[in-house]
Each structure stands twice: as structure tokens, then as C-alpha cells.
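**Q** First the structure, then my questions, so here it is.
Every read-out reported here was derived from the displayed coordinates using simple, explicitly stated rules and does not represent laboratory data. Keep in mind that what you see is a predicted model, and the values were worked out from it rather than measured. Glycine gets a Cβ as well: all are built from the backbone with ideal geometry, and neighbour counts include every protein chain shown.
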Amino acid sequence: MLREQPWFDFCDALPIEIEQRIEEGAEDAARFKECAEQVKEMPRGAARTAAGAELLEQLCALENSQDKDEPSDLPGIKAASAGEPKEKAEADYDKIYGAWLGRCAGCLLGQPVEGWRRARINGLLKETGNLPLQNYISSDIGPILREKYNVRDDGHAYGAEKTGWINNVSYMPEDDDTNYTLIALKLVEQYGRDFTPDDAAENWLMNLPLLHLCTAERVAYINLAQSIFPPESAAYRNPYREWIGAQIRGDLFGYICPGDTETAAEMAWRDASISHVKNGIYGEMWIASMLAKAAVNDDMPTIIRSGMKQIPKKSRLYKELAEILSRFESGDTAEETKAYILGKYDENNPHHWCHTISNAAIVAMGLLWGKKDFTYTMELCLTMGFDTDCNCATAGSVLGMVLGAQLLPEVWTAPLNDRVLSGVDGFGLVHISDMAARTQALIE
């Protein structure tokens, strides 16, 4: 229903804005919590919008103690980051194809249970004999389990396809996680490797319908349509500006920069800055640079650290990733690390559920403890809940780059039938292998 579409009215997310401001270092924002809830509950209309805008102005006027450590501009980010020299690398089609396949497979695994909480996901897996994880999730499970876990086939985020239960699909259905990889391919093909944030924004407006975007991207799209251009488009009335959206958009930039983590991160910044700030931007830079490193190195701690070298060392994302790495290297188990993440982030809090940092911690945990075993890595990410399709897709992309297409288990690649459906104009139902070939052609 059009009138029930989320992420249109900033007043709906004022409590999230309060959480965002507190995390940015504006501790005084906590005193506005009651006011935010009151405005949110007002009837929709001009009075509510005006009250929400006034509250946002007051929140924006508060000092951010973390601003100095978490810049959003590229020179500031570079000055606050360690950086890393470029490595020479050849374009390896099998690795690129593996990354594409891994991304699609992980997304398909997590898609039907996106939005579910851990107990529901793990309960369904256990009762269908799929934990330890062995395969995709099916909705062909009988009426008792279907009712118990409220399993439904009718509907998909974009309205054109059934949700991606494995029994319903013969290719990767449309998803924003794969749409963004494809639109990034189109961006570089059309505008070149030196594309600007304005080019990335124009590419969205030309090629991707508004309702195919979520959270921060939807807000930024609306801003762009009102001539609020980058970087203002990222911050204006955008409570989701550090959410996971940019983190799922950076893969293509890593694919086309093997061994060149700095260029991959710069491309990711140009893309992320139209919709995100601070840690929202860093998430995309981390993913892109990890993938550039994964093209030339197969050691997971090294890959994760390489990505971290492109983001500010005092940022919240860097500190969280350093914590996960420290736990891995000190011998903590996967279960102990899961407990740490779940103790810090509440899956019932939408701000935690969809934030860059909480989900990045899950991706890092899956990659580190997954032992380069694709199935086990997927299990670690999936059973944590939170943004399942995003995290499985991202971890699958990195591990797919490391392993290459030929080493990916057939149980995950065969059901894709080498095809992905896109909502990006000019694509439609395309062969994943063709997308990999086009990606390879963009490598300098």
C-alpha cells in the first residue's frame, strides 16, 4: 500500500534520530526522547512536519564529541586512516565470478528470513533438519511448521516475485543487495572509473525506481529529487545515515580494483557519500577494500585488517572490528563472540538491527571463524539474525573472491542457474557469468 510505505516521512523515525545523535556523541539528545515520541504520534500533516523539523533543528545544534574522530569528507577520512600501498594483480575471471556467485548465493539464503529474529530463524532450521546448515531454506515444510513459523510465499519486497524460498525460485530473485552491485556496474560502464558522487546520484535517478530503495537510500533519493545534492543529500532529514545501505553497495568497486584497496575505498566513498555519513560511509569503504585485498590474499585476518586501513582508526566501526579481530586472535570461540555481539546489540531495536556496525561485526565474525568453508560461514552469519540477506551476501562475496567460482560448493551455486533478476533499468534477468565478464573488462 502506497500510504504505508516506510522511509518517506522523517517524523516516523525521530526516535531513531535521537539514538543516532547520541551515538554520534551528542549526549544531550537524550533529553528530547519524549518530545520525539510525541511528534511521531501526531496526526500526519503540516503541523506534524513542522514540529518534527523544529526538533531536528534543535538536535542538529547540539555538539558532537565524535566529529573530530569520524569525518565524512574523503581528505579527512584519509588523514585519519592508516592507508595501504597498492599491490600488482592480474584480473582473475574465476575470482570475480566467484564473488558474484557468492554474493547471489548468500543473498538468496538470507532473503526469505530477512526481518526474522534469531529464535524464529534457528527454530525453523532445527525443525527442518537444516542445522548445522546444509542447504537453502524451503517453504515446502507442511502446515504445522508453516503455521508455527508463519512461513509465507506470497510476496517480495518488490512485488513481482515470490520470496526467495529455494522451492520457489530457479534464479536469484531481485533484491536490493544485488540491484546495487548491478547499478554500480552500470555506473562505472557509463561514467568511467572517475565517476563523481553526482554521477552516482544521477545513475540512481535514471535507472532505479524509488520504491526499489530502502532506508537511507530512499531518503537520499527523495532529497535528490528536490535538488538537495551530495553530500547534503546524505544528511538532510535522514535518520538512517549510518545504517547498512552503503555497506551493501561497495562490492563492485572492490571487484574492479584487485590489489588496489585505496582506489576501491575511494570509489566506495564517492558512492556512499550521496546517502550516508561517518560509519555509514566507512562500511562501504571497508567492504570494497576488503574485496580488493581478497583478490590477492586469502588470509581472512589480513583481508579484514586491510579494509580497516581505509577507515578512520578512532571511528566506532574500526574499534568494533578491532574488537572482533582481537577475540579471534586470543582464541575465543565463535559462540563466545556471538554472545558478545548479541550482548551489545539488540535485535529488537531497529536501529541496532539495521546499523552498519552491528552487521559489520557479524560479517567479520563469519569470515574469521568460518575457516574459509562457504557453508559454515553462511551458517554463522545466518544464525545471528539481524540483516540476514545483507550479511550472508557480503560474506559470500568476500569468500567467493578468495575461493573462486570453481571451489564454491555446487549446493549453493547450482540453484542460481547462473542468473539474477534485476530491477535496474537495462538489465532484467541476466547471466551472472556475463556480469562477471563485464566486471573484468573494467579492471585497469
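**Q** Name the most mobile residue of GLU202, GLU320, GLU329, meaning the one with the largest mean-square fluctuation, in a Gaussian network model of the chain with Cα contacts below 10 Å.
**A** GLU329
**Q** Let me ask something else about it. Please give the net charge around TRP353, taking every other residue with its beta carbon less than 14 angstrom from that of TRP353, where Lys and Arg add +1 and Asp and Glu add -1.
**A** Values: positive: ARG117, ARG118, ARG120, LYS344; negative: GLU19, GLU114, GLU242, ASP346, GLU347, ASP387, ASP389.
Counting the neighbours of TRP353, the net charge comes to -3.
**Q** Another question, if that's okay. What is the packing order of peptides 68-74, 107-113, 334-340, taking the mean over residues of other C-beta atoms within 10 Å and listing the highest first?
**A** Numbers: 68-74: 17.7, 107-113: 27.6, 334-340: 15.3.
Going by the mean number of other Cβ atoms within 10 Å, highest first, we get 107-113, 68-74, 334-340.
**Q** Arrange the peptides 251-258, 409-416, 8-15 so that the one whose residues have, on average, the most other Cβ atoms within 10 Å appears first. Walk me through the intermediate numbers first.
**A** Working: 251-258: 30.2, 409-416: 15.5, 8-15: 19.4.
Highest to lowest by the protection proxy: 251-258, 8-15, 409-416.
**Q** Please go through the residue pairs LYS86/LYS293; LYS78/LYS309; LYS186/LYS309; LYS293/LYS313 and name each one whose alpha carbons sit more than 21 Å apart in this structure. Could you put the intermediate results ahead of the total?
**A** Numbers: LYS86/LYS293 10 Å; LYS78/LYS309 9 Å; LYS186/LYS309 28 Å; LYS293/LYS313 19 Å.
LYS186/LYS309, as the Cα separations exceed 21 Å there.
**Q** I need two numbers for the stretch 240-293: Rg to one decimal and Dmax as a whole number, Cα atoms only, in Å.
**A** Answer for the stretch 240-293, Rg first and Dmax second: 9.6, 32 Å.
**Q** Magnitude of the Cβ-charge dipole of the chain, K/R +1 and D/E -1, about the Cα centre, nearest 20 debye? Working shown, then result.
**A** Numbers: 43 positive and 68 negative charges, 101 e Å.
Here the size comes out at about 480 debye.
**Q** If packing is taken as the mean number of other Cβ atoms within 10 Å per residue, what is the order of 418-425, 84-91, highest first? Mind showing how you got there, number by number?
**A** Details: 418-425: 20.9, 84-91: 13.5.
In decreasing order of mean packing, 418-425, 84-91 become 418-425, 84-91.
**Q** Can you compute the helix-only [θ] at 222 nm over the chain? Use -39500 (n - 2.57) per DSSP H run of at least 4 residues, normalise by all residues, nearest 500 deg cm²/dmol.
**A** Details: 23 runs with 239 residues, N = 444.
It lands at -16000 deg cm²/dmol.
**Q** May I pose another question? Dipole size in debye (nearest 20) for the stretch 2-65 around its Cα centre, Lys and Arg Cβ +1, Asp and Glu Cβ -1?
**A** Values: 7 positive and 15 negative charges, 66 e Å.
So the magnitude is around 320 debye.
**Q** Could you work out the equivalent-ellipsoid semi-axes for the chain, taking the square root of 5 times each eigenvalue of the Cα gyration tensor, largest first, in whole Å? Write out the running numbers ahead of the final one.
**A** Numbers: eigenvalues 184, 136, 102 Å².
The three semi-axes for the chain are 30, 26, 23 Å.
**Q** Semi-axes, largest first, in whole Å: what does sqrt of 5 times each Cα gyration tensor eigenvalue give for the stretch 360-444?
**A** Details: eigenvalues 116, 45, 35 Å².
In descending order the semi-axes read 24, 15, 13 Å.
**Q** Next question. Taking θ = phi - 60°, what integer Hz values does the Karplus form 6.51 cos²θ - 1.76 cosθ + 1.60 yield along the stretch 185-202, in sequence order, with x for Gly and Pro?
**A** 4, 5, 4, 6, 4, 7, 9, x, 5, 9, 3, 10, x, 4, 4, 4, 5, 4
**Q** Any idea which of PRO312, ALA334, ILE443 is furthest toward the positive side of the dipole for the stretch 285-444, if Lys and Arg beta-carbons carry +1 and Asp and Glu beta-carbons -1?
**A** Towards the positive end, the residue furthest out is PRO312.
**Q** Sticking with this one: Looking at GLY83, GLY280, PRO112, which one has the Cα that reaches farthest to the positive end of the dipole of the chain (charges on Cβ: Lys, Arg +1; Asp, Glu -1)?
**A** PRO112
**Q** Of THR49, ALA36, LEU62, which is farthest towards the positive pole of the stretch 2-65's charge dipole, taken about the Cα centre with +1 and -1 on the beta-carbons of Lys, Arg and Asp, Glu respectively?
**A** The one lying farthest along the dipole's positive direction is THR49.
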